[in-house]
Amino acid sequence: MFRLFGIRGGVHPEEHKHPTASRPIETLPLPERLCVPLAQHIGAPAEAVVKIGQRVLRGQLIGSGQGRVSAPVHAPASGKVVAVDDLPAPHPSGLPVLSVVIEPDGAQDDADHPVPSDPLAMAPEAIADFVSRAGIVGLGGAAFPSAVKLNLGLSGGAHTLIINGGECEPYLTCDDRLMRERAEAVIDGVRIMRHASGAEVALIGIEDNKPSAIEAMRQAAAGDDAVQVVAVPTRYPMGSEKQMVQALTGREIPAGKLSAQLGVVLHNVGTAYAVHRALRQGRPLVSRIVTVGGGAVREPRNFEVPIGTPLKALFDACGGFAETPDRVLMGGPMMGQWMPSLEVPVVKGTSGVIALTAAEVRKHPVQPCIRCSRCVEACPVGLLPLEMASRIRKSDYDAAGKLGLTDCIACGSCSWVCPSNIPLVHFFNFAKGELVARRAAEERTSGLRELAEKRQVRLEKEARIKAEKAAQRKRERQARAEAKAAAEREAKKQAREEQKQEEEA
Amino acid sequence: MSAPRLEGRPPQAGPHTHAPRPRLGDMALVNIALLPAALWAVYLFGWPALNLLLVTLATALLAEAASLWLAGKPVRPHLSDGSALLTGLILALSLPPWAPWWIGVVGGLFAVVVGKQIFGGLGQNIFNPAMLGRTALLVSFPLEMTAWVTPRPLFTEHAPSFVEGLRITFVGLPDLDAVTSATLLDTAKTAVDQGGTIHGATGELFAGIHAFTGLTGGSMGETSALLLALGGLFLIWRGVIGWQVPAAVLGAVALLATVFHLIDPDRYLHAGHHLLSGALVLCAFFIATDPVTSPATRLGRILFGVGVGVLVWVIRTFGGYPDGNAFAILLMNALVPLIDHYVRPRIYGRDRRGAPLDTGKEGGR
């Protein structure tokens, strides 16, 4: 029996997974237009490599990755590039992001990508290179370029690869369905990733509210001692990186460090599936499985969706809205992002799009904190949310920082449980922003001071050189004048002597 | 239904859902948990007790409303949070049942205005408001605050009638000494102070079962340990309070009392006497557990509870007052910021001092 370790705190929000967990993944009909942002990942945005009017094939490179931490972007369908323009990003700000707009032609011609004959016989670096060129990023939501992580594991001497099948957010079932329906492919991806990261063992952590997925994955991994499927207790935020690492290894990622420094690398199950597709079928990451859920949706379900599909197309495919949603989110209700419009596209990190009714949101008026400490009990990190909030309320961000503000993972457990409905996470995000802004301002002023000091030194040096040169010139002038005077004196003397000689003569 | 317009709505921060709101909040449940003991007290001490209870509650609520109005805060939502009612109820339960009306008025005003609203209202006060009110009364009006009557249950022979009850509360007792009696703790203290032993003094006065049910003299809510403990257990079961504080308070008192009673049974009351008399049970379950004025962590709360228990025993045994719950609570309240400063959970990925953990890899499985 696998030994599990406890995690601190956590909460049990209602799961709301049953409406979508029982339905097979469906394929979404191609929308009229796909808007593919070039910045879908953590790191530098990709650079467009297609022109307006150009025909592209499915899987063809349309944006190339820039720099070490970046990811390329591929065409999700064959069709014509109709625009390369700034369009609203799937982010609460709705700020524009450079996107390639493609009108699919329905032919679905695939670009040709060679596949290796046996990925498990390849050099690990070569696999990471494949993963990088396939545009694969963390599909759990963070969208960190996966190849960078694989290389980190390799260079750091990773011993354990953790595959995160926690899916602890309510409503979301995309990973659950993926593991149930395509367990073989996921396990194959896990094997390739274990090889690529140099880990001895791969642990697949799945919350025990997904027994069918656990069963399917165990069957697919049977006979392979290096790949273990582990049922972890259902408790939010079990699927958070720090908590999953703690539950499976009993070790904590040291503050400010990466899990790779513990010899552990963590990837999502969806990422493992994407790796399988890239290395076995030559398919770059151009689609993903998305849960469309929430009480406002008429028929919630899971779809395999081309990247760039507008949210509206997903809701339409579910029969539209049964009632007016209070809000539409990308991701789960605990950590998901509020969406400014239904026109924004699905991106690589979109695990779900959720339309919640007001009854599900349960927004209640904020009341004073009575220090009931339920937030302290709920915090999986061991912080004192009530104390941090009281400091932030007084704009004392440094004091909040000393209480561990920067260790907050923004999981929302404290806000969820607060009987006074205090938006604690909102407080913390705000204060983190303030601390970052202040640090940036400090760096700027210290930078300016440094520049000013350097200028002073330079000016002094210049003045010194100038003065030295002037003195030099003065000396030279004096020397010349003296020489001249001496010459004149000599000439006079000579003249006098000549005169004297003449007189004597 | 057509697509809703999302444009132009203000962005919302996560989490986008919340724990279900219970039909009854914490304050309401605490009030309910105290109700049986309060009703029992009214039954035991008759109409004067009911008058005093109502006067105290009304004062607390009016003082709260007036303070909110003066501070320009919305009156109705704050008033209906149940906290002022709870302060009034706990204060009333800590008063002598036949005390005159102005005791309730002065105590209620002091508790709510000075104890709570001056600090900024709910959640901002350092000291437990009810205990602050009771202490102010005890120090200012020691005579009225220590006039304990023996229980005269309603509708029994010696119970005052409704009209007599009004006179007792609003005009005053004609002859206080005729109806009052010493409580167990009073008797024990006097006996020890005079050089006697506690046996002779407590023998006939104290029978455990009476303290348990409340058929003994004392303040309104001190009398029935049984009903108070049941109310407290109800709160623990509902998750309103943790078990840590009551266990720590009662445990500390029981341990000290037992040890000292074994050393010198003539001088020190045994644990049963301590646990069942005075306001200790009320204090352990309902006052020391006040979240606003107790520490934020479990360990901190245990330390706080032990501190309360030790102080209660010390004040009862060596202090000038027969019972020390209010003083113990206030003294420990003052230490809460200190406890919260030093007792904190260890943060994930850091050691107890806050430094990042080692990255040493040899510990892999």
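The values are calculated or read from the model by the stated rules, or taken from the named source; none is laboratory data. These figures come from a predicted structure and were not determined experimentally. Every residue, glycine among them, receives a Cβ derived from its backbone with ideal geometry; neighbour counts consider all protein chains shown. The accessibility values were calculated without ligands, DNA or RNA, using every heavy atom of the protein model including side chains. Shrake-Rupley method; radii C 1.70, N 1.55, O 1.52, S 1.80 Å.
See the values below:
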| read-out | value |
| --- | --- |
| Within the stretch A:273-295: backbone nitrogen closer than 13 Å to the A:A359 label point (7 Å, Cα to C-beta) | A:295 |
| Cα-centred dipole magnitude for the stretch B:23-180, charges only on beta-carbon of K, R (+1) and D, E (-1), debye, nearest 20 | 440 debye |
| Amide hydrogen neighbours beyond the local backbone of A:D208, cut-off 5 Å, H modeled | A:V232, A:T234 |
| 222 nm mean residue ellipticity, helices alone, for the protein assembly as shown (DSSP H n ≥ 4; -39,500 (n - 2.57); rounded to 500) | -14500 deg cm²/dmol |
| Under-5 Å amide H pairs with A:S287, H placed in peptide plane, nonlocal only | A:I307 |
| Table column - 3J(HN,Hα) (Hz), the stretch A:172-188, Karplus curve with 6.51, -1.76, 1.60, x for Gly and Pro | 6, 9, 5, 6, 4, 5, 4, 5, 5, 8, 10, 4, 4, 5, 4, 4, 4 |
| Backbone HN-Hα couplings from phi across the stretch A:104-109 [Karplus 6.51/-1.76/1.60, Hz, Gly and Pro as x] | x, 9, x, 6, 6, 6 |
| Residue-count net charge about A:E482 - beta-carbon cut-off 13 Å; Lys, Arg +1, Asp, Glu -1 | +3 |
| All lysines inside 18 Å of A:K474 as judged from Cα atoms, apart from same-chain residues fewer than 8 positions distant | A:K466, A:K484 |
| Positive dipole terminus of the protein assembly as shown, leading residue within B:P129, B:F162, A:A470 (C-beta point charges) | A:A470 |
| At 0.692 mPa s and 37 °C, Stokes diffusion of chain A via Kirkwood alpha-carbon radius, µm² per second | 126 µm²/s |
| Cysteines, chain A, no other Cys beta-carbon under 4.7 Å | A:C35, A:C168, A:C174, A:C318, A:C369, A:C372, A:C379, A:C408, A:C411, A:C418 |
| Inter-centroid distance (Cα atoms) of the stretch A:127-167 relative to the stretch A:245-268, Å | 13 Å |
| Charge dipole magnitude, Cβ of K and R +1, D and E -1 - chain A, Cα centre, debye nearest 20 | 1660 debye |
| Phi-based couplings in Hz for the stretch A:269-279 (Karplus 6.51, -1.76, 1.60; Gly and Pro marked x) | 4, x, 5, 4, 5, 4, 5, 4, 4, 5, 8 |
| Amide H contacts of A:I162 (H built 1.01 Å from N, under 5 Å, at least 5 apart or other chain) | A:L203, A:V265, A:L266, A:H267 |
| Whether the protein assembly as shown is rounded, prolate or oblate, judged on the alpha carbon gyration tensor where a/c under 1.5 counts as rounded | oblate |
| Solvent-accessible surface ranking, highest first, for B:L269, A:L451 at 1.4 angstrom | A:L451, B:L269 |
| Cα gyration tensor, the stretch A:7-92 - rounded (a/c under 1.5), prolate or oblate | oblate |
| Shape call, the stretch B:23-180: gyration tensor on alpha carbons, a/c limit 1.5 | prolate |
| For the protein assembly as shown, with +1 on Lys and Arg beta carbons and -1 on Asp and Glu, the positive-most of A:M179, A:V50, B:L93 along the dipole | A:V50 |
| Cross-link reach list, lysines versus A:K51, counting only Cα pairs under 29 Å and skipping chain neighbours closer than eight places | A:K80, A:K312, A:K348 |
| Length-normalised contact order for chain A - Cα pairs under 8 Å, 6+ apart - percent | 16 percent |
